[in-house]
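*Asks:* Let me begin by handing over the structure; questions about it come next.
The values are calculated or read from the model by the stated rules, or taken from the named source; none is laboratory data. Since this is a predicted model, take the numbers as computed values, not measurements. In this analysis, Cβ positions are derived from the backbone assuming ideal geometry, glycine residues included, and neighbour counts consider all displayed protein chains. Note: areas computed on protein heavy atoms with side chains; ligands, DNA, RNA excluded. Shrake-Rupley method; radii C 1.70, N 1.55, O 1.52, S 1.80 Å.
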Amino acid sequence: MTRPAGTSDQPVALEPVGKGNRAAILALELLPEQQGFVASNAESLAEVRHDDEAIARAVTAAGRVVGFLMYSAPEDDDEAIIYRFMIDRREQGKGLGRAAVAKALEEIARLNHIRRVSICYEPENEAARRLYAGFGFIEQGLDEDDEMIAVRELGG
């Protein structure tokens, strides 16, 4: 039996970042044409150390780190913001990104104070645009850094 295009047969999990997976996160790579689309994981991990609201997650599949995701969900706000997300270049095209976004939305939805999720991406990043639109994110326009902002209301 074949699986539908863009879906993964590997279970994906989001795990807190720690000593056990930090080196694997730093070893993740983007394709050359994707380099300008997201800050490096080294920059993101450094940012986490100084930002109490940043929540960093290793994306894992089959016991291996395959990606990285970072979001914030301040207690005094009803909006979460996913502002870093990447899947290693060797793992792209397997549905892992789609599965990771689904897991992130599940995790965020369990935070009972969050009513909507926003995500930002470079406007030229068509793969990101298609991925997020598939989850119901609606583009709102460019922010002050010329990144596209898209928003998804959480149900219930």
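*Asks:* Please verify whether residue 138 is in contact with a Lys or Arg (Cβ under 9 Å, 6 or more places away or on another chain) and either at negative phi or acidic (Asp, Glu) (or both), treating the condition exactly as stated.
*Replies:* Yes; evaluated as a whole, the condition is true for this residue.
*Asks:* Criterion first (buried (at least 18 other Cβ atoms within 10 Å of the Cβ) and among the aliphatic types (A, V, I, L, M)) does residue 150 satisfy it?
*Replies:* Yes: the conditions hold for residue 150.
*Asks:* Residue 53: charged (D, E, K, R), in contact with a Ser or Thr (Cβ under 7 Å, 6 or more places away or on another chain) and either within 23 Å of residue 148 (Cα to Cα) or modelled with pLDDT of 95 or more (or both), yes or no?
*Replies:* Taking the combined requirement at face value, the residue satisfies it.
*Asks:* A further question on this structure: For residues in the range 84-110 being of a type in the set (Gly, Ala, Ser) and part of a helix (DSSP H, G or I), which is nearest to residue 16 (Cα to Cα)?
*Replies:* 104
*Asks:* Considering only residues that are among the β-branched types (Val, Ile, Thr) and in contact (Cβ under 8 Å) with a residue 40 or more places away in the chain, look in the range 88-116 and name the one that is surrounded by the fewest Cβ atoms within 10 Å (Cβ to Cβ). Show your work before the answer.
*Replies:* Restricting attention to the range 88-116, the residues satisfying the condition of being among the β-branched types (Val, Ile, Thr) are 101, 108, 114.
Then keep just the ones that are in contact (Cβ under 8 Å) with a residue 40 or more places away in the chain; that gives 108, 114.
Values: 108: 20, 114: 18.
Per the criteria, the residue is 114.
*Asks:* Only residues that are buried (at least 21 other Cβ atoms within 10 Å of the Cβ) and either of a type in the set (Gly, Ala, Ser) or free of Cβ contacts under 8 Å to residues at least 12 places away in the same chain (or both): list them for the range 73-87, please.
*Replies:* 80
*Asks:* A further question follows. Taking the stated definitions as given, is residue 68 hydrophobic (A, V, I, L, M, F, W, C) and farther than 18 Å from residue 137 by Cβ?
*Replies:* Values: hydrophobic (A, V, I, L, M, F, W, C): yes; farther than 18 Å from residue 137 by Cβ: yes.
It is true that residue 68 is hydrophobic (A, V, I, L, M, F, W, C) and farther than 18 Å from residue 137 by Cβ.
*Asks:* Let me ask something else. Do any residues in the range 141-156 that are closer than 21 Å to residue 111 by Cα and modelled with pLDDT of 95 or more have Cβ atoms under 8 Å from those of residues that are among the charged types (D, E, K, R) and open to solvent by less than 30 Å² (accessible area, probe 1.4 Å), where the two are at least six apart or on different chains, and which pairs are they?
*Replies:* none
*Asks:* Provide a single number: the residues in the range 30-62 that are exposed (fewer than 15 other Cβ atoms within 10 Å of the Cβ) and either touching a Gly at 6+ places or on another chain (Cβ under 6 Å) or in contact (Cβ under 8 Å) with a residue 60 or more places away in the chain (or both).
*Replies:* Of the residues in the range 30-62, 2 are exposed (fewer than 15 other Cβ atoms within 10 Å of the Cβ) and either touching a Gly at 6+ places or on another chain (Cβ under 6 Å) or in contact (Cβ under 8 Å) with a residue 60 or more places away in the chain (or both).
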